[in-house]
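Comments concern the structure below.
The values are calculated or read from the model by the stated rules, or taken from the named source; none is laboratory data. Everything quoted here is computed from the prediction, not taken from an experiment. Every residue, glycine among them, receives a Cβ derived from its backbone with ideal geometry; neighbour counts consider all protein chains shown.
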Amino acid sequence: MVQASLRQTKGQDSGTYSIDIGKDAAASGEHGEIDEYEPNNLLDNANIVIFPGGSASTGEELRLHGSVQSTDDIADYFIFTPKHSSAHHIYLCADTCNESVEDESVYIMIYDQNQTTIASTPVGTIARQEFTVELTAGLAYYIEVNGYAATDRYDYVLAVIE
Ligand SMILES: [Ca+2]
């Protein structure tokens, strides 16, 4: 499906703008864009997000847009239920979502339905903000973006590819 939408995204530090035409995204699978909403600072008030396509679709991508800051808004939580039991690639986008950002001011973490951590990026070292994790269809998972060392507002795009 070719999407007619035109989306404008702001680069994190560069102040540049890029145009992301839906046609490219459609070529590599469905692609949903979701903005966070507050409050979402705890596991128990995580934003509920869903993949855009039907259960037959594979390779879908979600892009979650938000911001964190170490003193005012340290963490954002999202909860979603995979439609497929498969390896999911989860990462914070660099200037574009073609690759992950390398950073130490944030970390990302994923929890299972028991709120037990199953994967995360390192805390306190500069690292690629990405991991790949096997998830089970029909179970709930939480993803956290934590800005523990982000003294300024840290705008992010969190990509989840099933
Ligand atoms: Ca928050």
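Output yes when any residue across the stretch 97-113 is at pLDDT 95 or above, surrounded by fewer than 15 Cβ atoms within 10 Å (Cβ to Cβ) and closer than 18 Å to Asn40 by Cα, and no when none is.
yes
Mind listing just one residue for me: the one in the stretch 13-42 that is part of a strand (DSSP E or B) and modelled with pLDDT of 80 or more and, of those, nearest to the ligand (Cβ to nearest atom)?
Asp35
Being away from the ligand (no atom under 16 Å from the Cβ), surrounded by fewer than 17 Cβ atoms within 10 Å (Cβ to Cβ) and of a type outside the set (Asp, Glu) is the requirement here; does Ile90 meet it?
no
Can you name the residue in the stretch 43-84 that is among the hydrophobic types (A, V, I, L, M, F, W, C) and within 9 Å of the ligand (Cβ to nearest atom) and, of all such residues, is surrounded by the most Cβ atoms within 10 Å (Cβ to Cβ)?
Residue satisfying both the conditions and the ranking: Val68.
So if I check each of Ala159, Ala137, Ala87, which one is of a type outside the set (D, E, K, R) and part of a loop (DSSP other than H, G, I, E, B)?
Ala137
Which ones in the stretch 63-84 are in a loop (DSSP other than H, G, I, E, B) and more than 17 Å from Gln113 (Cα to Cα)?
Listed by number, the residues that qualify are Ser70, Thr71, Asp72, Ile74.
Do any residues in the stretch 117-143 that are touching a residue at least 24 places away in the same chain (Cβ under 8 Å) and within 12 Å of Leu92 (Cα to Cα) have Cβ atoms under 8 Å from those of residues that are buried (at least 17 other Cβ atoms within 10 Å of the Cβ) and among the charged types (D, E, K, R), where the two are at least six apart or on different chains, and which pairs are they?
Ala127/Asp103; Gln129/Asp103
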